[in-house]
């Protein structure tokens, strides 16, 4: 669990609720079904119209990274690569074959398989870099979907406010309904801006950050596998890969 993300969400809701109470309004004043439908429904419709289905599926599958990011431990990866290099020096590259089944990451499995198959270092680099680039591009597109939602939602909020004011104008003959109607109209603006700048845009940036970190780890993996293929000394490999660590 990413504690900072959880704290951020809790603070966002607390800010909205406490801000409403300190201004003398009730929490219930933040709820308006029509505004909710216009902002959330309209934003969803715009995003679906804008985004291809594969990107939507990928975005929904990695949105959990905001709260439960994938484990990214560069020092552990360096230790594993050094371990592979020691096995290869003692038993040869074929000695790495049992390690393939022990890995869950598809990129690691493919890289180890290329090593066991005796692929040339440049072949290993070209094959893995294509996959890394494709993964990064796919995940950045998925993050962009949330960024787009943050672009559309404030406009949907304005649309909801205008539609609410139109309803208010139709009730000018009844002054008792004006205050409540105007307040309800601006709830849509709150929804739109809050959705964009408290949730969608930060979520997009968090996923982009995780994606960049994953790409750096994968680049570390590629360098390590190539060093093993070249028969480098395990200590030299370790020193080389430590340059990737912050």
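Pairs meeting the criteria (first residue in segment 132-153 and not assigned by TED's automatic domain parsing to the domain that holds residue 218, second residue in a helix (DSSP H, G or I) and crowded, with 17+ Cβ neighbours inside 10 Å, beta carbons under 7 Å, at least 6 apart or on different chains) are lacking.
Residues of segment 15-74 that are at pLDDT below 90, assigned to a loop (DSSP other than H, G, I, E, B) and either under 19 Å from residue 153 (Cβ atoms) or over 17 Å from the mean Cα position of the chain (by Cα) (or both): 23, 24, 25, 26, 31, 32, 73.
Going through segment 186-223 one residue at a time, which ones are closer than 18 Å to residue 39 by Cβ and without any contact (Cβ under 8 Å) to a residue 40 or more places away in the chain? 186, 189, listed by residue number.
Looking only at segment 56-63, decide whether some residue is closer than 30 Å to residue 162 by Cα, free of Cβ contacts under 8 Å to residues at least 12 places away in the same chain and loosely packed, with under 14 Cβ neighbours inside 10 Å. No, there is no match, as no residue in segment 56-63 is closer than 30 Å to residue 162 by Cα, free of Cβ contacts under 8 Å to residues at least 12 places away in the same chain and loosely packed, with under 14 Cβ neighbours inside 10 Å.
This table checks each residue for (1) under 23 Å from residue 19 (Cα atoms); (2) modelled with pLDDT of 95 or more; (3) more than 22 Å from the chain's Cα centre (by Cα).
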position: 100; (1), (2), (3): no, no, yes
position: 124; (1), (2), (3): no, no, yes
position: 129; (1), (2), (3): no, no, no
position: 134; (1), (2), (3): no, no, no
position: 159; (1), (2), (3): no, no, yes
position: 170; (1), (2), (3): no, no, yes
position: 173; (1), (2), (3): no, no, yes
position: 176; (1), (2), (3): no, no, yes
position: 187; (1), (2), (3): yes, no, yes
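Under the condition of being surrounded by fewer than 16 Cβ atoms within 10 Å (Cβ to Cβ) and part of a helix (DSSP H, G or I), the residues counted in segment 98-112 number 6. Condition first: in contact with a helix residue (DSSP H, G or I) (Cβ under 8 Å, 6 or more places away or on another chain) and free of Cβ contacts under 8 Å to residues at least 40 places away in the same chain. Now tell me which residues in segment 26-43 satisfy that. 26, 27 - these are the residues of segment 26-43 that are in contact with a helix residue (DSSP H, G or I) (Cβ under 8 Å, 6 or more places away or on another chain) and free of Cβ contacts under 8 Å to residues at least 40 places away in the same chain.
The values are calculated or read from the model by the stated rules, or taken from the named source; none is laboratory data. Worth saying up front: this structure is predicted, and the values here are computed from it rather than measured. We place every Cβ from the backbone using ideal geometry, glycine too, and count neighbours over all the protein chains shown.
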